[in-house]
Amino acid sequence: MSEFFYKKLSSQLLVTPAELLTTANCEDSSRIRAFLRLSRIATDDTISQHLNETQPKDCDAYFNRKIVPQWQARAHAIQFCSDYAKKLEQEVAAALPKSADYDLRTNPYALKDDLEKIEHQNARRATIENWVRNEQNVEKIIREETTKIFNDKCYYKDWLQQFADAISK
């Protein structure tokens, strides 16, 4: 089932599928949110059970093999939509109309129409930014809880730093 949500690279790391990373999926976040939810269920929600079957000496390998790719795939999907929201914001800023650009005698509603388009685009951007911010907060909480479980079941280590190191490679 996980092959449906992830594609394997030759390095065996799981990455977010390209079909999921579309601007349409950022605007209607249901597919991306389903992906995030299923990924969390597959790894973070069941971490205690998985670590009960793992020897403490194998925790690093388990973390790098199972947790890091999932966290990375989720972060990638969230970041894609965050970047898209920033792009929308730049487009809005670049498209702000100036009343001098309109001849209101020939079309008295042109300025109003353009302002409504910009307002609509701003609303779309705000919606995306809101759900992205929410998902980033959820990810932060889930990662903290997962690292607490790793510290309890395995041994104390800065697992979040290990994740940061793994994705910077």
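Go through 63, 80 for me and flag whichever is at pLDDT 90 or above, closer than 25 Å to residue 135 by Cα, hydrophobic (A, V, I, L, M, F, W, C) and open to solvent by 40 Å² or more (accessible area, probe 1.4 Å). Outline the logic, then answer.
Values: 63 fails: open to solvent by 40 Å² or more (accessible area, probe 1.4 Å).
Exactly one of 63, 80 is at pLDDT 90 or above, closer than 25 Å to residue 135 by Cα, hydrophobic (A, V, I, L, M, F, W, C) and open to solvent by 40 Å² or more (accessible area, probe 1.4 Å), namely 80.
Look at residue 167 and say whether it is modelled with pLDDT of 80 or more and either over 18 Å from residue 24 (Cα atoms) or in contact with a strand residue (DSSP E or B) (Cβ under 8 Å, 6 or more places away or on another chain) (or both).
Numbers: modelled with pLDDT of 80 or more: no; either over 18 Å from residue 24 (Cα atoms) or in contact with a strand residue (DSSP E or B) (Cβ under 8 Å, 6 or more places away or on another chain) (or both): yes.
The answer is no for residue 167.
Please indicate, with yes or no, whether at least one residue in the range 120-141 is open to solvent by 70 Å² or more (accessible area, probe 1.4 Å), hydroxyl-bearing (Ser, Thr, Tyr) and not in a helix (DSSP H, G or I).
So far as the range 120-141 goes, no, none of its residues is open to solvent by 70 Å² or more (accessible area, probe 1.4 Å), hydroxyl-bearing (Ser, Thr, Tyr) and not in a helix (DSSP H, G or I).
Hydrophobic (A, V, I, L, M, F, W, C) and at pLDDT below 70, is that true of residue 95? Full working, then the answer.
Values: hydrophobic (A, V, I, L, M, F, W, C): yes; at pLDDT below 70: yes.
Yes.
Consider only pairs whose beta carbons are under 6 Å apart and that are at least six residues apart or on different chains; among these, list those whose first residue lies in the range 51-67 and is under 22 Å from residue 40 (Cβ atoms) and whose second residue is open to solvent by 50 Å² or more (accessible area, probe 1.4 Å) and not in a loop (DSSP other than H, G, I, E, B).
Short answer, once both residue conditions are applied: 51/153.
Restricted to the range 1-46, and to residues that are modelled with pLDDT under 85 and basic (Lys, Arg), which residue is nearest to residue 128 (Cα to Cα)?
Restricting to residues being modelled with pLDDT under 85 and basic (Lys, Arg), the top hit is 7.
Could you tell me which of the residues 101, 114 is open to solvent by 80 Å² or more (accessible area, probe 1.4 Å), modelled with pLDDT under 90 and among the charged types (D, E, K, R)? Steps first, please.
Values: 114 fails: open to solvent by 80 Å² or more (accessible area, probe 1.4 Å).
The conditions single out 101.
Considering only the range 142-164, how many residues are hydroxyl-bearing (Ser, Thr, Tyr) and open to solvent by 90 Å² or more (accessible area, probe 1.4 Å)? Don't jump to the end; show me each part of the working.
Filtering the range 142-164 down to residues hydroxyl-bearing (Ser, Thr, Tyr) leaves 146-147, 155-156.
Narrowing the set further to residues that are open to solvent by 90 Å² or more (accessible area, probe 1.4 Å) leaves 156.
Total meeting the criteria: 1.
The values are calculated or read from the model by the stated rules, or taken from the named source; none is laboratory data. Because the structure is a prediction, the values reported are computed rather than measured. Positions of Cβ are generated from backbone atoms using ideal geometry, with glycine treated the same way; all protein chains shown enter the neighbour counts. Protein only, heavy atoms only, side chains kept; ligands, DNA and RNA dropped before computing areas. Shrake-Rupley method; radii C 1.70, N 1.55, O 1.52, S 1.80 Å.
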